[in-house]
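The values are calculated or read from the model by the stated rules, or taken from the named source; none is laboratory data. Nothing here was measured: the structure is a model prediction, and the numbers come from that model. Here the Cβ positions follow ideal geometry from the backbone for every residue, glycine too, while neighbour counts run over all protein chains shown.
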Amino acid sequence: MRTRMALMYSLLWRLLLILVHVNRALFSWLHVRIQSWKGRLWERAATVLLLPISLVGFPDFQNNLNHGPDANVKPITEKRTGGGRSRCLSDGKFLKKIPVHIGLLVAEEEPSYPDIANVVVWCMAVGISYVSVYDNHGVFQKNNSRLLEEIKRQQQDLLGVDGSMHSVEFLSGGSDQHQHNVVSCRPTVRVLSPDDGKQSIVHVAQQLCRSVENKERSFKDINVSMLDLLLRESKNIPDPELVVKFGPVNSTLGFLPWHIRLTEFISLPSHRNVSYEDLLGALQRYGACQQRLGQ
C-alpha cells in the first residue's frame with residue numbers, strides 16, 4: 001500500500017513539474033510576441049507621424065512620389081551648387097567667423113578648372129573678400145584666362161541674374177595687373193605660383209641689397225620689419241587666415257611662406273568633384289578653431 005502511494009506521489013510531482021515548464025514556455029512565447037507586436041505598432045505609428053515631416057526637407061523626393069521616379073531628375077552640377085546663392089548667403093551669416101582671405105592650394109596633378117571655379121564662386125557667395133588659387137606647377141597662373149572664363153561661367157550658373165553684383169577683381173601673381181576691371185570693394189581672385197612664394201622673398205632681398213649698394217639705404221636699416229613691409233607691399237592683400245589644401249600631399253608646397261605664420265590649414269582629399277558641403281565643413285572647422293596668436 002505504501003509503495004503504491006509513493007509511486008502515485010512521484011507521478012503527480014512529475015506531472016506538476018511538466019505543467020510548470022509548459023506554463024513558463026507559454027508565458028515566454030506570449031511575452032516575445034506581445035513585445036514584437038508592440039514594436040511593430042510603434043514603428044508604424046512613428047512612420048505615419050514622422051514621414052510627412054521628413055519629406056518637407058526633401059521636395060524632390062515628394063515630387064518623385066507624386067510624378068514617378070524620373071519626373072524631376074536634376075543634373076549633378078545643380079546638386080553640387082549646394083542650393084544656390086540664397087543658401088550661400090544664409091550659411092555665411094551663421095558661420096562663427098569668415099576669413100577675409102582664403103587660399104586654395106591644389107596639391108594634385110592635372111588640376112580641374114570647373115571644380116576650382118566652383119569653389120572660388122562659393123567662397124565669394126558666402127562673403128569671402130580675397131581668394132588665392134595656387135598650384136605647385138603654376139598651371140592655373142599660366143592659363144589664368146581659362147580659369148577666369150570658367151569662374152565667370154560658374155558664377156552665372158550659381159548667382160544667376162545677380163552675377164554682375166559679384167564681379168571679381170582678377171589678379172595674376174605679383175603683377176597686380178587687373179584683368180577684369182571693377183571697383184576694389186568687390187571680391188578679389190589672385191592666381192599664384194611658386195614664383196610668388198620663396199622667389200618673391202629672393203627678389204625683395206636682392207632689391208634691398210641693390211639699395212644698399214647704391215647707397216639708397218644703410219645696411220643698418222635692413223631688418224625683419226623692412227623685409228616684411230616690402231613683401232606686403234608687393235602682394236597688396238591681407239595674409240590668408242585659412243588655406244584649404246586639396247590632395248594627399250602633406251606640404252604647403254611653397255605657398256606664400258612669409259604670409260602664413262598665423263594661417264589655419266585644413267585638408268580635403270581632392271578638389272575633383274568637391275561639393276559645397278565640403279567647403280562649408282572646412283569653414284565651420286575654421287570657425288570652431290581657437291587661434292591664440294602665440295599666447
*Taking the stated definitions as given, is residue 272 of a type in the set (Lys, Arg), touching an Asp or Glu at 6+ places or on another chain (Cβ under 7 Å), surrounded by 14 or more Cβ atoms within 10 Å (Cβ to Cβ) and at pLDDT 90 or above?*
yes
*When residues of the range 190-226 are filtered for being at pLDDT below 80, of a type in the set (Gly, Ala, Ser) and touching a helix residue (DSSP H, G or I) at 6+ places or on another chain (Cβ under 7 Å), how many remain?*
1
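I need a count of the residues in the range 227-248 that are surrounded by 14 or more Cβ atoms within 10 Å (Cβ to Cβ) and either within 24 Å of residue 187 (Cβ to Cβ) or modelled with pLDDT of 80 or more (or both). If you could, list the steps in order and put the result at the bottom.
Restricting attention to the range 227-248, the residues satisfying the condition of being surrounded by 14 or more Cβ atoms within 10 Å (Cβ to Cβ) are 227, 230-232, 234-235, 237, 239-247.
Narrowing further to those that are either within 24 Å of residue 187 (Cβ to Cβ) or modelled with pLDDT of 80 or more (or both): 231-232, 234-235, 237, 239-247.
Adding up the residues that qualify gives 14.
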